[in-house]
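This report refers to the structure that appears directly beneath it.
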Amino acid sequence: MKSYLSKRKIKSHHYPFFRCIIPKDLQRNFGGIRDFRLSLRYVRNEDTQILCLKLKKITDKLFTEITNGMKNLSLDDIKEILRIEVRKQIKYTQHYAFGTNVFDNVKKSQSMQNVASQETRLQQELSGENIKEYEKELDEKLAGILSSLGIEINIKDTNYKKLRRTFIKLYLLRFDWIRTLINHTD
């Protein structure tokens, strides 16, 4: 009980607060906030403990509902996420290719060299131990996508690992698409 009821000093007075600690698996949903406090300043001292217990029950119920509302990453979710990501990569590829002056051989060559250097840079990021750092960056992106869809994030899940691996392959494939579009623009 004592952990739910806390006192804070504001100026020279001590005021009671209800303190709720957000479960670790839900902290991402609340923007990384670990806990919150509600002022019980205008509640009678006799009622603060009772109110804290009721608030604790309500918050526990809410956290349970939020947790139950989150779904696990399924094969259909992976397909939908990849479908959206493929569309994005195609748009990026088209944007890059149509931004290249294919009628000027020098500009076309510069664009191809730029694509090759970007591809080399990505392959270097994916080589050896560097892949762990790249995967962390990709995990942040995937966390945003999955949380917006209400899907629980579990980086140890094989479906999640499959999704992350496919994203990496898709990013590498993007360079081939760009080269093909630049070379075969009619």
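A short reminder: the numbers here are calculations on the coordinates, not readings from a lab. As the structure is a prediction and not an experimental result, all values here were calculated from the model. All Cβ positions, even for glycine, are placed from backbone atoms using ideal geometry, and neighbour counts span all protein chains on display.
Each of VAL106, VAL86 was scored by other Cβ atoms within 10 Å of its Cβ. Arranged with the fewest first, they read VAL106, VAL86. Placing a pseudo-label 7 Å from each Cα along the Cα-to-Cβ vector at GLN49 and SER117 gives an inter-label distance of 7.1 nm.
Mind running the shape call on the range 11-97? Use the C-alpha gyration tensor, a ≥ b ≥ c as the square roots of the eigenvalues: rounded below 1.5 for a/c, prolate if a/b tops b/c, oblate otherwise. Cα axes put the range 11-97 in the prolate bin. Of the chymotrypsin sites (Phe, Trp or Tyr not before Pro) in the range 101-181, the ones in a loop by DSSP (not H, G, I, E or B) with at most 12 other beta carbons within 10 Å are PHE103.
Say the cut-off is 22 Å between C-alpha atoms; which of LYS91/LYS132; LYS136/LYS169; LYS71/LYS169; LYS132/LYS169 go over it? Over 22 Å apart, Cα to Cα: LYS91/LYS132; LYS71/LYS169. Given R0 = 22 Å, the distance between the Cβ atoms of ASN29 and ASP157 translates into a calculated FRET efficiency of 0.75. Between GLN94 and LEU38, the simple spin-label model (points 7 angstrom out along Cα→Cβ) gives 5.0 nm. Between LEU170 and HIS13, what is the label-to-label distance in nm when each label sits 7 Å out along the Cα-to-Cβ direction? Going by the 7 Å Cα→Cβ label model, 5.6 nm. Within the P(r) computed for the range 1-157, what percentage of the Cα pairs occupies the region above 23 Å? The proportion of pairs with Cα distances above 23 Å equals 63 percent.
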